Amino acid sequence: MTLTVKALSLEMAKRMADAAEAKAIEKGLKIVIAIMDAHGNLKYYRRMDGNNFISVRMAQLKALTSASIPISTKDLAKRNEGLPNGPYLGVPGIVLLEGGLPIITQDGQHIGSIGISGANPELDGICAQAGVDALNDML
């Protein structure tokens with residue numbers, strides 16, 4: 001039996017970053033965008049002018065979280081709250097702040113993730129969703 005595995009292309013990653021940046025500009029934000037493949041390898045990175053140092057790392061950690069566990073960082077935080085002792089808090093590199101989203105194809109394959117940081121978590125999530133939505137016709 002042969003498996004057909006889809007992959008996140010550079011073209012797709014750039015398209016996502018363009019859409020996330022456009023949403024940030026629309027909202028007057030200065031964000032960092034990190035896009036990873038399904039294995040947690042950085043595929044594409046963009047840093048708008050005027051953001052802070054912690055956003056550089058946080059965007060990558062949000063993307064890594066959603067690459068490692070194909071769920072939004074917001075939903076993972078909710079899941080963590082419902083479990084005794086908050087087990088995800090002890091996992092190195094896992095971030096429980098909104099702004100990380102998995103990239104899932106129409107047939108359910110997890111091909112990567114996007115992480116956004118630079119605003120508050122809710123606005124980071126809005127920009128991340130704009131990035132994922134830009135791929136609707138490609139997934």
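How many of the residues in the range 105-139 are within 16 Å of ALA19 (Cβ to Cβ) and among the acidic types (Asp, Glu)?
Of the residues in the range 105-139, 3 are within 16 Å of ALA19 (Cβ to Cβ) and among the acidic types (Asp, Glu).
Being buried (at least 16 other Cβ atoms within 10 Å of the Cβ) and charged (D, E, K, R) is true for just one of LYS78, LYS62. Which residue is that? Walk me through it before giving the result.
Values: LYS78 fails: buried (at least 16 other Cβ atoms within 10 Å of the Cβ).
Testing whether each residue is buried (at least 16 other Cβ atoms within 10 Å of the Cβ) and charged (D, E, K, R) leaves just LYS62.
Return the pairs, sorted by first residue and then second, in which the second residue is in a strand (DSSP E or B), the first residue lies in the range 114-137 and is among the polar types (S, T, N, Q), the beta carbons are less than 8 Å apart, and the residues are 6+ apart or on different chains.
Correct list of pairs: SER117/VAL32; GLN129/LEU101.
For the range 78-85, indicate whether the set of residues that are farther than 22 Å from THR105 by Cα and touching a helix residue (DSSP H, G or I) at 6+ places or on another chain (Cβ under 9 Å) is non-empty.
Taking the range 78-85 as the starting set, the residues that turn out to be farther than 22 Å from THR105 by Cα are 78-85.
Narrowing the set further to residues that are touching a helix residue (DSSP H, G or I) at 6+ places or on another chain (Cβ under 9 Å) leaves 79-80.
Checked against the condition, which is being farther than 22 Å from THR105 by Cα and touching a helix residue (DSSP H, G or I) at 6+ places or on another chain (Cβ under 9 Å), the range 78-85 yields at least one hit.
For the range 10-29, how many residues are within 16 Å of the chain's Cα centre (by Cα) and over 15 Å from VAL132 (Cβ atoms)?
Counting residues in the range 10-29 that are within 16 Å of the chain's Cα centre (by Cα) and over 15 Å from VAL132 (Cβ atoms) gives 1.
Which pairs do you get when a residue that is within 18 Å of ASP124 (Cα to Cα) and of a type outside the set (D, E, K, R), found in the range 1-19, comes within reach of a residue that is at pLDDT 95 or above and assigned to a helix (DSSP H, G or I), reach meaning Cβ atoms under 7 angstrom, with the pair 6+ apart or on two chains?
Correct list of pairs: MET16/GLY131; MET16/VAL132; ALA17/GLY131; ALA19/ALA130; ALA19/GLY131; ALA19/ASP133.
Looking at the range 92-105 only, could you name the residues that are surrounded by 13 or more Cβ atoms within 10 Å (Cβ to Cβ) and of a type outside the set (S, T, N, Q)?
Going through the range 92-105, the residues surrounded by 13 or more Cβ atoms within 10 Å (Cβ to Cβ) turn out to be 94-105.
Matches in the range 92-105: ILE94, VAL95, LEU96, LEU97, GLU98, GLY99, GLY100, LEU101, PRO102, ILE103, ILE104.
Just checking, which of GLU81, GLU122 is among the acidic types (Asp, Glu) and modelled with pLDDT under 95?
Values: GLU122 fails: modelled with pLDDT under 95.
Going through GLU81, GLU122 in turn, just one is among the acidic types (Asp, Glu) and modelled with pLDDT under 95: GLU81.
For VAL32, indicate whether it is touching a residue at least 60 places away in the same chain (Cβ under 8 Å) and farther than 19 Å from GLY125 by Cβ.
Considered against the rule, which asks whether it is touching a residue at least 60 places away in the same chain (Cβ under 8 Å) and farther than 19 Å from GLY125 by Cβ, VAL32 comes out as no.
Yes or no: ALA7 of a type in the set (A, V, I, L, M, F, W, C), assigned to a loop (DSSP other than H, G, I, E, B) and closer than 18 Å to LEU135 by Cβ?
Numbers: of a type in the set (A, V, I, L, M, F, W, C): yes; assigned to a loop (DSSP other than H, G, I, E, B): yes; closer than 18 Å to LEU135 by Cβ: yes.
The answer is yes for ALA7.
The values are calculated or read from the model by the stated rules, or taken from the named source; none is laboratory data. Computed from a prediction, not measured in an experiment: that's the story for all the values here. We place every Cβ from the backbone using ideal geometry, glycine too, and count neighbours over all the protein chains shown.
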